[in-house]
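Have a look at the structure below, then the notes.
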4 protein chains.
Amino acid sequence: MPLDETAEGVYAIAPTPFHPDGRIDHDSVDRMTDAYVAAGCTGITVLGIMGEAPKLEPAESLEIAGRIIRRAGLPIVVGVSSPGFAAMRSLARGVMEMGAAGVMIAPPPSLRTDDQIVTYFRQAVEAIGDDIPWVLQDYPLTLSVVMTPAVIRRIVMDSPSCRMLKHEDWPGLEKISALRGFQKDGSLRPLSILCGNGGLFLDFEMERGADGAMTGYAFPEMLVDVVRLQKAGERDAAHDLFDAHLPLVRYEQQQGVGLAVRKYVMHRRGILTSDAQRTPAGKLTPAAKAEVDYLLSRVARVDRRAAVG
Amino acid sequence: MPLDETAEGVYAIAPTPFHPDGRIDHDSVDRMTDAYVAAGCTGITVLGIMGEAPKLEPAESLEIAGRIIRRAGLPIVVGVSSPGFAAMRSLARGVMEMGAAGVMIAPPPSLRTDDQIVTYFRQAVEAIGDDIPWVLQDYPLTLSVVMTPAVIRRIVMDSPSCRMLKHEDWPGLEKISALRGFQKDGSLRPLSILCGNGGLFLDFEMERGADGAMTGYAFPEMLVDVVRLQKAGERDAAHDLFDAHLPLVRYEQQQGVGLAVRKYVMHRRGILTSDAQRTPAGKLTPAAKAEVDYLLSRVARVDRRAAVG
Amino acid sequence: MPLDETAEGVYAIAPTPFHPDGRIDHDSVDRMTDAYVAAGCTGITVLGIMGEAPKLEPAESLEIAGRIIRRAGLPIVVGVSSPGFAAMRSLARGVMEMGAAGVMIAPPPSLRTDDQIVTYFRQAVEAIGDDIPWVLQDYPLTLSVVMTPAVIRRIVMDSPSCRMLKHEDWPGLEKISALRGFQKDGSLRPLSILCGNGGLFLDFEMERGADGAMTGYAFPEMLVDVVRLQKAGERDAAHDLFDAHLPLVRYEQQQGVGLAVRKYVMHRRGILTSDAQRTPAGKLTPAAKAEVDYLLSRVARVDRRAAVG
Amino acid sequence: MPLDETAEGVYAIAPTPFHPDGRIDHDSVDRMTDAYVAAGCTGITVLGIMGEAPKLEPAESLEIAGRIIRRAGLPIVVGVSSPGFAAMRSLARGVMEMGAAGVMIAPPPSLRTDDQIVTYFRQAVEAIGDDIPWVLQDYPLTLSVVMTPAVIRRIVMDSPSCRMLKHEDWPGLEKISALRGFQKDGSLRPLSILCGNGGLFLDFEMERGADGAMTGYAFPEMLVDVVRLQKAGERDAAHDLFDAHLPLVRYEQQQGVGLAVRKYVMHRRGILTSDAQRTPAGKLTPAAKAEVDYLLSRVARVDRRAAVG
């Protein structure tokens, strides 16, 4: 099932589970995969920026991607961003052979001008081959590469194999409206737009025309419900659920420690055996863990799924 | 009343009100000043980054600062950050003569090493004179200058006239704990810590030891109440009120358009005659304004002060 | 004599002479002005990035610009880059009233996308008025704003009052060729191109089609001669003279200390009474001064004008 | 022969030779290795930033490093900088088993504070093992990480296996003096300092106390001679030779196209069969090639080794 432009719903950004000694925790990989399926996710994204992908050796990357592909029964997108095209190509072709639905590519931070950005993605597609469906990641806050809607349109129109935008500009609501406007005026072909940034603006992103979310919030069930409610036109209900989780979403969306929060919550939920990260890692102090516990207890007053432990 | 290290409560970051043609709107300056006083603010900060200070001519800066100083009856902090020390000095000494309580200085984005940062603030204090109480602004997200707690300690211990930290690192909770830890171990003298970032983490910042907020959220009443409730030990009540506002706080805390949101809400509240900014300005589309209106209506279900218009 | 697109030769970038106590050194301003005229410069640029402009108060900026305008009898370009358009406008209109030939505008470092850059210059021209001839400064190494030739073309074609490009991209030879190519194919109107970067590539920049130099090398006589020789087709002679100075040009072209080197050499030449800078300043150690002295002695073996002291 | 702190002379930074179709050109690898030996280099550095290392697959990296190690009979330093410690470790241990003399590590561009930098290198040494001699690369212009002399001292004193500084700060002369001063006052242990930046300041770097060069200028013979002459106290002769090459050194030291110039000259010299780079690559236009040819002819008037073709 190759990725196409009709993709919607929630693609969970999967962290990579480790044992405290740094080995990959395969049991947790499996439990996590099952949890995403049970939560109603429509896909899973592995080896993303939040998946500690650069900390893996190439063989480990292939192993994790393969394991999740075989188990999930859902379309799997694999992050293949790399400082060089040779490594990007070998990972991309390797995971597609294993059955991935597509790959995701982020721009390197050195790009500045519109032309540099467009050229980079053209070369990347030449490197991996134009038969591999791919997702364009737009994440200026971390990558410092700023793409206007017109640049995204150039990239998408240049490459028929680009099927999806992982939208995580911040602020980004007007960008969704601009891209949907391009489609209305006929200058942009159909394109799936899934939103990231931990879900911090998912409530309104859906109203602006997004197809769903691609992010790693530790309760994907909430993301699934908000996407469903918004599509059903139940605006107030969508916001009510979203707002109940927002204090925790906001806490998780802290640069540098966000992944530690996410893994800690998934550990508290019984999905991960350990919240370990490979070095270098942002760590949670006892004070921070107590704050997350308090937030969980408050979310649980509205959404019982947050009642952990 | 010069600023000292016992400052607490809420210092509102004041925007600069303009007429649609770009002239300063003095009536709105006065109404805004009165609104901050009525909201229970303990101080006001003018000419900050969100105050469009670089868009003003020197004479305008002095005029606005003076007008607010004369009217408010509260301690006024004036942002004096400048590309050069000559302009910093003349503004700082000018506003102190008018009765300001202190000035605020942010580091220029070019600073990188610990020593460069420490040296810059030593030179800045030499430039303005060591008799002027000043606030150290720590705002890496916008300024790209990263100060460790140990560097902040060096700056504060070097300069007796530094009285306050405007804390807006993100994430920043551990930084508050580290600084308060320095004070417990005797290596840092007393220092007021007021938090920024639109209030996005004020709920927990108070629990980590902050003295209050210095930020410009369009409902300073909420900030005042959260600070008061946390100091009174009413944790759940503080979070309940905070969480009711959080969807709007989050919406206002978008880089680039945040000031437009803030001015729009203050206009809806009847404080500003117009939400105009001087060029260049982030503008709100009709869709964005409708989103803010919707958020206001949702906040108003819990906090009637948000029922506008 | 307003600046127009036929400008050529050497516009010296003037430093601002100070006394050791930080006051402006008017006698040195006059001597420096006379030295530029005597060296054969066709114009002078004041208040540029290397002119310590941000360290001046607005009144000082006007005073220095006016003094040089009145004395030189050459077209004077004044740097008016500013964090805000109000200050940019008042300085620009002030110096034009005093008789400046034009102003120079550099982009603020926050700009990223092509559209952001184009929009900024359109707003800047609206701010200062479209009756003021202006120079577009393209200086990515210091400003971190990267403009493609196509973006420069958009800016120039949008603004008839843009008369000159101060070219200091690095590397930048192909950019000159691209712009001259645009003019050959009719898509770009006539435009003066003067090159900066301390003259480090002036030998080849002339061969690619530049009209001259706008930079502050402490021996503008060399720049004047290289421009003249290249225009006369005396390629080898131009390179011979250039190469004799290159070790010193290279030494002067060090980020951060370059201005200290330049002022030191101008002091050794008897043009400046002191090599003082206002704080913050890069300073030369005795070892560095001895290195400059050694380089001067080596240059003097070929070019007697470098025999100082 | 493991790298130690007595290393001196010239370590050539080796580019990676490719065929025009992107395959590694093994014949050219061998010819290049022999040429470095013949030029009098005391070591070779492979897989550096200029070696297109990120464009190689892990197996290719090992293959190239191994081939040069076996052939050269000189100490070989291998660049192992990587976004993650797992890949850094496996490459470092792999090349040491093959007989490398040491590895080189550059900081990732995200580091800002002194403590972040020191911590990163401590973790890197833990990752590769403290039995591997390593070179600290200090290259702010490209990496945007600024290390003060005091930070370098902390790193070196923390890690006995750090044996060398690849110095390429710009400007950097005072940094060499500061580090040598630390050694005089006993606060820094012995450390080899080899200088980079294409050799642009090698003339004075030797006088400040450097032990030699580690850079990739296409005529390592000149670097070898300048190092030798300076050590022999023949200052004027060193500068005479250096200055004859400086116009070409300067041309080669252009960000982005520098590698293209270097490969072109090595191709003209008969060392590389092709000047091909893997994508993405800075390319030389015919105009640029003609400029390099002209510069070669001018250098050859003084140094016959530059008479190519």
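The values are calculated or read from the model by the stated rules, or taken from the named source; none is laboratory data. Being a predicted model, the structure only gives us computed values, none of them experimental. We place every Cβ from the backbone using ideal geometry, glycine too, and count neighbours over all the protein chains shown. Keep in mind that these areas ignore ligands, DNA and RNA; they rest on the heavy atoms of the full protein, side chains included. Shrake-Rupley method; radii C 1.70, N 1.55, O 1.52, S 1.80 Å.
Closest approach of any chain A Cβ to the axis that rotates A onto C belongs to A:D114, 2, distance given in whole Å.
Taking the Cα centre of the stretch A:1-61 as origin and assigning +1 to Lys and Arg Cβ atoms and -1 to Asp and Glu Cβ atoms, the resulting dipole is close to 120 debye.
Interface residues of the stretch C:13-58, defined as a loss of at least 40 Å² in heavy-atom accessible area between the chain alone and the complex of all protein chains with a 1.4 Å probe, are C:P54, C:E57.
Return the whole-Å distance between the Cα centroid of the stretch D:270-301 and the Cα centroid of the stretch B:154-173. Each part's Cα centre sits 53 Å from the other's.
Could you report the buried accessible area between A and B, both sides summed, computed with a 1.4 Å probe and given in Å² to the nearest 100?
The buried area between A and B, both sides summed, comes to about 2900 Å².
So what's the net charge close to D:K231: Lys and Arg +1, Asp and Glu -1, counting the other residues with Cβ under 10 Å from its Cβ? Counting the neighbours of D:K231, the net charge comes to -2. Under the shape rule built on the C-alpha gyration tensor, where the axes satisfy a ≥ b ≥ c, chain D is oblate, since a/c reaches at least 1.5 while a/b does not exceed b/c. From largest to smallest, the equivalent ellipsoid semi-axes obtained for the stretch A:168-213 from the alpha-carbon gyration tensor read 19, 10, 8 Å. Taking amide H positions as modeled 1.01 Å from N, with prolines and chain starts lacking one, the residues under 5 Å from C:T45 and 5 or more places away or on another chain are C:A12, C:I13, C:A14, C:V77.
Working note: 222 nm ellipticity from helices only, DSSP H runs with n ≥ 4, each -39,500 (n - 2.57), summed and divided by the residues of the protein assembly as shown, gives -14500 deg cm²/dmol to the nearest 500.
Note on B:279-288: average number of Cβ atoms from other chains within 10 Å of each residue's Cβ is 4. The mean count of C-beta atoms from other chains within 10 Å of the C-beta of residues in C:167-178, rounded to a whole number, is 3.
Site pair A:D158 and B:D27 shows an inter-label distance of 5.3 nm when each label is modelled 7 Å from Cα along Cα→Cβ. Estimated from the Cβ-Cβ distance and a Förster radius of 35 angstrom, the FRET efficiency linking C:E234 and C:S297 is about 0.85.
For B:G282, the label point sits 7 Å beyond Cα toward Cβ; its separations from the matching points on the remaining copies run 2.0, 3.5, 3.5 nm, from shortest to longest. For chain A, the share of accessible area belonging to carbon and sulfur comes to 53 percent (1.4 Å probe, ligands and nucleic acids excluded). Taking θ as phi - 60° and the Karplus parameters 6.51, -1.76 and 1.60, the scalar couplings of the stretch B:194-204 work out to 10, 9, x, 6, x, x, 4, 10, 4, 3, 8 Hz in sequence order, x denoting glycine and proline. When Rg and Dmax are taken over the Cα atoms of the stretch A:177-309, they come to 16.6, 54 Å.
Distances between equivalent label points of D:T142 across the copies, with each point positioned 7 Å along Cα→Cβ, amount to 2.5, 2.5, 3.5 nm, shortest listed first. Taken as Cα centroids, the stretch C:120-148 and the stretch B:175-219 sit 40 Å apart, rounded to the nearest whole angstrom. Solvent-accessible surface of the stretch A:9-232, averaged per residue with a 1.4 angstrom probe and all protein chains in place: 31 square angstrom. Distance between the pseudo-spin-label points of A:D130 and D:K283 (7 Å out from Cα toward the beta carbon): 1.8 nm.
Couplings for the stretch B:80-91, taken from phi via the Karplus curve 6.51 cos²θ - 1.76 cosθ + 1.60 with θ = phi - 60°, read 10, 4, 7, x, x, 6, 5, 5, 4, 5, 5, 5 Hz in order; Gly and Pro are left as x.
For chain B, the Cβ-based charge dipole about the Cα centre amounts to some 340 debye (Lys, Arg positive; Asp, Glu negative; other atoms uncharged).
Over all pairs of different C-alpha atoms in the stretch C:203-270, the reciprocal of the mean inverse distance, the Kirkwood hydrodynamic radius, equals 12.6 Å.
Where a ≥ b ≥ c are the square roots of the eigenvalues of the C-alpha gyration tensor, would you call the stretch B:1-128 rounded, which needs a/c under 1.5, or, failing that, prolate if a/b is larger than b/c, or oblate?
In terms of gyration-tensor shape, prolate.
Compute the Rg to Rh ratio over the stretch C:108-193 from the alpha carbon atoms, using the Kirkwood formula for Rh, and round to two decimal places. Looking at the stretch C:108-193, the ratio lands at 0.93.
Karplus-based coupling profile of the stretch D:65-75, in residue order and whole Hz: 4, x, 4, 6, 4, 5, 8, 6, x, 10, x, with θ = phi - 60° in 6.51 cos²θ - 1.76 cosθ + 1.60 and x standing for Gly or Pro.
Rg and Dmax over the alpha-carbon atoms of the protein assembly as shown stand at 30.7, 87 Å. The separation of the stretch A:9-47 from the stretch D:52-103, counted between C-alpha centres, amounts to 33 Å.
Sorted shortest first, the distances from the C:Q116 label point to those of the same residue in the other copies are 1.2, 1.9, 2.0 nm; each point sits 7 Å from Cα along Cα-to-Cβ. State whether the stretch C:32-91 is rounded, prolate or oblate according to the following rule on the C-alpha gyration tensor (a ≥ b ≥ c being the square roots of its eigenvalues): a/c under 1.5 gives rounded; otherwise a/b larger than b/c gives prolate, and the remaining case gives oblate. It is prolate, given that a/c is not under 1.5 and a/b is the larger ratio.
For the residues of C:79-91, the average number of beta carbons from a partner chain within 10 Å of their own beta carbon is 4. Local charge for C:L173 was computed over the other residues whose Cβ lies under 10 Å away, with Lys and Arg +1 and Asp and Glu -1, and equals -3.
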